[in-house]
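Asker: Here you go, one structure.
The values are calculated or read from the model by the stated rules, or taken from the named source; none is laboratory data. Only a predicted model underlies this, so the values are computations on that prediction, with no experimental measurement involved. Cβ placement follows ideal geometry from the backbone for every residue including glycine, while neighbour counts extend to all protein chains displayed. For the accessible areas, the whole protein counts, side chains as well, though only heavy atoms, and no ligand, DNA or RNA atoms are used. Shrake-Rupley method; radii C 1.70, N 1.55, O 1.52, S 1.80 Å.
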Amino acid sequence: KPNRVTQPRTETAGIRSEKGVDMRKMIILILGLFTALASGYEGLYGVTRGGTIHQFTPCPYADAAWIYLSNGMKFDIRRGEPKIVDNLLAKESDYYIVNCAGSVYPEYVRMFESTGAKVYSYIPNYSFLVKMNEIIKNEISNLDFVDWVGFYQPAYKISGQREFEVLQGMQKVTILLYPDAQLDEVVVLLEKMGAKIDDIAQTKWDGLINCAIDFSYIPEVAKIEDVNWIEPWHPLDLHNNNVQWILQTASSGN
(Lines give C-alpha, C1' and ligand atoms only; values in the text may rest on other atoms or scores of the structure.)
Protein backbone atom coordinates (compact mmCIF):
# COMPACT_ATOMS: atom_id res chain seq x y z
CA LYS A 1 0.00 0.00 0.00
CA PRO A 2 2.71 2.54 0.81
CA ASN A 3 4.20 1.96 -2.63
CA ARG A 4 0.84 2.51 -4.24
CA VAL A 5 0.43 5.81 -2.44
CA THR A 6 3.89 7.35 -2.82
CA GLN A 7 4.36 6.57 -6.53
CA PRO A 8 1.57 8.81 -7.82
CA ARG A 9 2.73 11.60 -5.54
CA THR A 10 6.22 11.41 -7.06
CA GLU A 11 4.81 11.62 -10.64
CA THR A 12 2.61 14.58 -9.74
CA ALA A 13 5.56 16.45 -8.30
CA GLY A 14 7.48 15.81 -11.54
CA ILE A 15 4.66 17.21 -13.65
CA ARG A 16 4.44 20.31 -11.48
CA SER A 17 8.19 20.77 -11.76
CA GLU A 18 8.07 20.55 -15.57
CA LYS A 19 5.22 23.08 -15.72
CA GLY A 20 7.23 25.43 -13.57
CA VAL A 21 10.21 25.15 -15.94
CA ASP A 22 7.98 25.79 -18.97
CA MET A 23 6.46 28.85 -17.31
CA ARG A 24 9.90 30.25 -16.50
CA LYS A 25 10.99 29.70 -20.10
CA MET A 26 7.91 31.54 -21.35
CA ILE A 27 8.54 34.48 -19.00
CA ILE A 28 12.20 34.68 -20.10
CA LEU A 29 11.15 34.58 -23.78
CA ILE A 30 8.61 37.39 -23.31
CA LEU A 31 11.10 39.51 -21.37
CA GLY A 32 13.69 38.94 -24.10
CA LEU A 33 11.22 40.05 -26.77
CA PHE A 34 10.35 43.26 -24.93
CA THR A 35 14.05 43.94 -24.38
CA ALA A 36 14.68 43.55 -28.12
CA LEU A 37 11.80 45.87 -28.96
CA ALA A 38 13.01 48.49 -26.48
CA SER A 39 16.54 48.39 -27.88
CA GLY A 40 15.39 48.63 -31.52
CA TYR A 41 16.77 45.29 -32.66
CA GLU A 42 17.22 45.61 -36.46
CA GLY A 43 16.50 41.93 -37.07
CA LEU A 44 12.82 42.45 -36.28
CA TYR A 45 10.53 43.79 -38.99
CA GLY A 46 8.72 47.04 -38.20
CA VAL A 47 10.57 47.58 -34.91
CA THR A 48 10.26 51.01 -33.30
CA ARG A 49 13.03 53.14 -31.97
CA GLY A 50 12.67 56.66 -30.71
CA GLY A 51 8.98 56.65 -31.61
CA THR A 52 9.50 56.05 -35.36
CA ILE A 53 9.21 52.99 -37.59
CA HIS A 54 12.29 52.10 -39.61
CA GLN A 55 11.34 52.16 -43.31
CA PHE A 56 12.93 49.69 -45.71
CA THR A 57 14.77 51.51 -48.50
CA PRO A 58 15.24 49.37 -51.62
CA CYS A 59 18.63 49.40 -53.28
CA PRO A 60 18.49 51.04 -56.76
CA TYR A 61 19.08 48.86 -59.81
CA ALA A 62 22.64 48.71 -61.04
CA ASP A 63 21.28 49.78 -64.46
CA ALA A 64 19.07 52.55 -63.05
CA ALA A 65 20.18 54.94 -65.84
CA TRP A 66 19.02 52.58 -68.58
CA ILE A 67 15.61 52.87 -70.25
CA TYR A 68 14.10 49.70 -71.74
CA LEU A 69 11.30 50.13 -74.28
CA SER A 70 8.65 47.58 -75.26
CA ASN A 71 9.97 47.21 -78.82
CA GLY A 72 13.44 46.16 -77.65
CA MET A 73 15.11 49.55 -77.93
CA LYS A 74 17.22 50.58 -74.93
CA PHE A 75 19.62 53.36 -74.05
CA ASP A 76 21.66 54.84 -71.22
CA ILE A 77 20.46 58.37 -70.41
CA ARG A 78 24.02 59.32 -69.41
CA ARG A 79 25.13 58.75 -73.01
CA GLY A 80 22.10 60.19 -74.75
CA GLU A 81 19.28 58.73 -76.82
CA PRO A 82 19.81 56.06 -79.48
CA LYS A 83 20.35 57.06 -83.08
CA ILE A 84 16.96 57.43 -84.78
CA VAL A 85 16.24 57.79 -88.50
CA ASP A 86 14.83 61.18 -89.50
CA ASN A 87 11.36 59.94 -90.45
CA LEU A 88 10.89 58.53 -86.93
CA LEU A 89 12.33 61.49 -85.04
CA ALA A 90 10.16 64.17 -83.42
CA LYS A 91 11.45 67.72 -83.20
CA GLU A 92 8.64 68.70 -80.82
CA SER A 93 6.01 66.83 -78.81
CA ASP A 94 3.88 67.00 -75.67
CA TYR A 95 4.77 63.42 -74.73
CA TYR A 96 7.91 62.75 -72.70
CA ILE A 97 9.82 60.04 -70.87
CA VAL A 98 10.71 61.25 -67.36
CA ASN A 99 13.48 59.29 -65.64
CA CYS A 100 13.80 59.41 -61.84
CA ALA A 101 16.87 58.90 -59.68
CA GLY A 102 16.85 55.62 -57.76
CA SER A 103 13.65 53.89 -56.75
CA VAL A 104 10.29 55.48 -57.55
CA TYR A 105 7.40 56.09 -55.17
CA PRO A 106 3.68 56.87 -55.59
CA GLU A 107 4.22 60.42 -54.39
CA TYR A 108 6.35 61.06 -57.49
CA VAL A 109 3.29 60.53 -59.69
CA ARG A 110 1.23 62.80 -57.44
CA MET A 111 3.88 65.50 -57.65
CA PHE A 112 3.95 65.26 -61.46
CA GLU A 113 0.18 65.52 -61.74
CA SER A 114 0.02 68.39 -59.26
CA THR A 115 1.83 70.48 -61.89
CA GLY A 116 -0.85 69.71 -64.48
CA ALA A 117 1.03 66.88 -66.19
CA LYS A 118 -0.69 63.62 -67.15
CA VAL A 119 1.09 60.38 -66.22
CA TYR A 120 0.12 57.42 -68.43
CA SER A 121 2.38 54.51 -67.56
CA TYR A 122 5.62 53.28 -66.04
CA ILE A 123 8.66 52.59 -68.26
CA PRO A 124 11.60 50.59 -66.88
CA ASN A 125 13.85 51.60 -65.33
CA TYR A 126 12.44 54.27 -62.98
CA SER A 127 10.72 56.24 -65.76
CA PHE A 128 7.22 57.41 -66.65
CA LEU A 129 5.42 58.30 -69.87
CA VAL A 130 4.11 61.81 -69.25
CA LYS A 131 2.11 64.38 -71.23
CA MET A 132 2.96 68.02 -70.50
CA ASN A 133 3.61 71.37 -72.16
CA GLU A 134 6.96 73.15 -72.23
CA ILE A 135 6.29 75.17 -69.06
CA ILE A 136 5.34 72.08 -67.02
CA LYS A 137 8.25 70.17 -68.54
CA ASN A 138 10.69 72.78 -67.23
CA GLU A 139 9.09 72.63 -63.78
CA ILE A 140 9.30 68.83 -63.61
CA SER A 141 12.88 68.83 -64.91
CA ASN A 142 13.90 70.89 -61.87
CA LEU A 143 12.54 68.40 -59.32
CA ASP A 144 15.32 66.94 -57.16
CA PHE A 145 14.48 63.32 -57.95
CA VAL A 146 14.24 63.78 -61.75
CA ASP A 147 17.40 62.78 -63.63
CA TRP A 148 16.41 63.16 -67.29
CA VAL A 149 13.52 64.19 -69.55
CA GLY A 150 13.28 63.37 -73.25
CA PHE A 151 10.71 63.07 -76.03
CA TYR A 152 8.70 59.87 -76.38
CA GLN A 153 9.89 59.47 -79.97
CA PRO A 154 7.78 57.98 -82.80
CA ALA A 155 10.45 55.27 -83.12
CA TYR A 156 9.57 54.09 -79.59
CA LYS A 157 5.93 53.48 -80.56
CA ILE A 158 6.51 50.78 -83.21
CA SER A 159 6.51 47.14 -82.16
CA GLY A 160 9.71 45.18 -82.65
CA GLN A 161 7.87 42.20 -84.14
CA ARG A 162 9.18 40.79 -87.42
CA GLU A 163 6.22 42.11 -89.44
CA PHE A 164 7.73 45.60 -89.17
CA GLU A 165 11.16 44.61 -90.48
CA VAL A 166 10.08 45.65 -93.98
CA LEU A 167 7.72 48.64 -94.13
CA GLN A 168 5.87 47.95 -97.33
CA GLY A 169 2.68 46.28 -98.51
CA MET A 170 -0.91 46.42 -97.27
CA GLN A 171 -1.23 44.69 -93.91
CA LYS A 172 -3.41 44.84 -90.80
CA VAL A 173 -2.27 46.61 -87.67
CA THR A 174 -3.60 47.41 -84.21
CA ILE A 175 -3.09 51.02 -83.14
CA LEU A 176 -3.41 51.99 -79.48
CA LEU A 177 -4.24 55.57 -78.53
CA TYR A 178 -4.00 57.42 -75.24
CA PRO A 179 -7.19 57.33 -73.14
CA ASP A 180 -7.84 61.04 -73.74
CA ALA A 181 -7.02 60.89 -77.47
CA GLN A 182 -9.35 62.28 -80.14
CA LEU A 183 -10.20 58.95 -81.74
CA ASP A 184 -12.34 60.36 -84.56
CA GLU A 185 -9.58 62.75 -85.63
CA VAL A 186 -7.06 59.90 -85.76
CA VAL A 187 -9.45 57.84 -87.88
CA VAL A 188 -9.72 60.73 -90.37
CA LEU A 189 -5.92 60.99 -90.60
CA LEU A 190 -5.59 57.23 -91.16
CA GLU A 191 -8.24 57.24 -93.91
CA LYS A 192 -6.32 60.02 -95.68
CA MET A 193 -3.37 57.58 -95.75
CA GLY A 194 -5.59 54.99 -97.42
CA ALA A 195 -6.28 52.92 -94.31
CA LYS A 196 -9.28 50.57 -94.29
CA ILE A 197 -10.78 50.72 -90.80
CA ASP A 198 -12.03 47.38 -89.48
CA ASP A 199 -12.79 48.13 -85.85
CA ILE A 200 -12.57 50.98 -83.34
CA ALA A 201 -13.10 51.08 -79.58
CA GLN A 202 -12.49 53.53 -76.76
CA THR A 203 -12.38 52.83 -73.03
CA LYS A 204 -11.11 54.66 -69.96
CA TRP A 205 -7.76 52.89 -70.46
CA ASP A 206 -7.07 53.54 -74.15
CA GLY A 207 -8.44 53.88 -77.66
CA LEU A 208 -8.01 51.10 -80.20
CA ILE A 209 -8.11 51.01 -83.99
CA ASN A 210 -7.74 47.87 -86.10
CA CYS A 211 -7.12 48.67 -89.75
CA ALA A 212 -5.34 47.62 -92.93
CA ILE A 213 -2.77 50.14 -94.12
CA ASP A 214 0.21 50.31 -96.44
CA PHE A 215 3.19 49.77 -94.16
CA SER A 216 5.07 52.57 -95.87
CA TYR A 217 2.82 54.88 -93.81
CA ILE A 218 3.82 53.38 -90.46
CA PRO A 219 6.33 56.20 -89.70
CA GLU A 220 3.58 58.75 -90.40
CA VAL A 221 1.18 56.90 -88.13
CA ALA A 222 3.81 56.86 -85.37
CA LYS A 223 4.17 60.64 -85.68
CA ILE A 224 0.51 61.19 -84.81
CA GLU A 225 0.62 62.62 -81.28
CA ASP A 226 -2.42 60.68 -80.04
CA VAL A 227 -0.85 57.34 -81.04
CA ASN A 228 0.79 55.47 -78.17
CA TRP A 229 1.68 52.12 -79.79
CA ILE A 230 1.48 50.25 -83.12
CA GLU A 231 1.68 46.48 -83.51
CA PRO A 232 0.78 43.84 -86.12
CA TRP A 233 -2.80 42.58 -85.96
CA HIS A 234 -3.16 38.86 -85.31
CA PRO A 235 -6.41 36.86 -85.44
CA LEU A 236 -7.64 35.63 -82.07
CA ASP A 237 -6.68 32.05 -81.29
CA LEU A 238 -8.25 30.45 -78.23
CA HIS A 239 -6.02 28.57 -75.79
CA ASN A 240 -6.82 26.91 -72.47
CA ASN A 241 -10.55 27.33 -73.18
CA ASN A 242 -11.56 23.76 -72.28
CA VAL A 243 -10.48 23.15 -68.70
CA GLN A 244 -11.80 21.99 -65.36
CA TRP A 245 -12.82 24.69 -62.88
CA ILE A 246 -10.73 23.82 -59.85
CA LEU A 247 -10.35 27.19 -58.10
CA GLN A 248 -13.25 29.03 -56.51
CA THR A 249 -13.38 32.83 -56.61
CA ALA A 250 -16.89 33.22 -55.14
CA SER A 251 -17.75 35.17 -58.29
CA SER A 252 -19.69 33.62 -61.16
CA GLY A 253 -17.83 33.61 -64.46
CA ASN A 254 -14.57 34.79 -62.90
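Asker: I need the calculated FRET efficiency for the pair residue 204 and residue 162, taking r as the beta carbon distance and R₀ as 30 Å, to the nearest 0.05.
Answerer: For residue 204 and residue 162, the calculated efficiency is 0.40.
Asker: Take the alpha-carbon positions of the stretch 104-254, form their convex hull, and give its projected area averaged over all directions (one quarter of the hull surface) in nm².
Answerer: That works out to 12.8 nm², a quarter of the Cα hull's surface.
Asker: Label-point separation (nm) for residue 89 and residue 145, each offset 7 Å from Cα along Cα-to-Cβ?
Answerer: So the two model labels end up 3.4 nm from each other.
Asker: Another question about this same structure. Using 0.36 nm per residue, how much length does the chain from residue 248 to residue 122 gain when fully extended, once their Cα-Cα distance is taken away?
Answerer: On the way: separation 126, 0.36 × 126 = 45.36 nm, distance 3.22 nm.
Result: 42.1 nm gained on full extension.
Asker: At 1.4 Å probe size, put 184, 144, 76 in order of accessible surface, largest to smallest.
Answerer: On the way: 184 110, 144 155, 76 10 Å².
Ranked from most to least accessible, the order is 144, 184, 76.
Asker: Further question: For residue 197 and residue 239, FRET efficiency with R0 = 35 Å and r from the beta-carbon atoms, rounded to 0.05? Could the numbers behind the result be given before it?
Answerer: Working: r = 28 Å, r/R0 = 0.80.
The calculated FRET efficiency here is 0.80.
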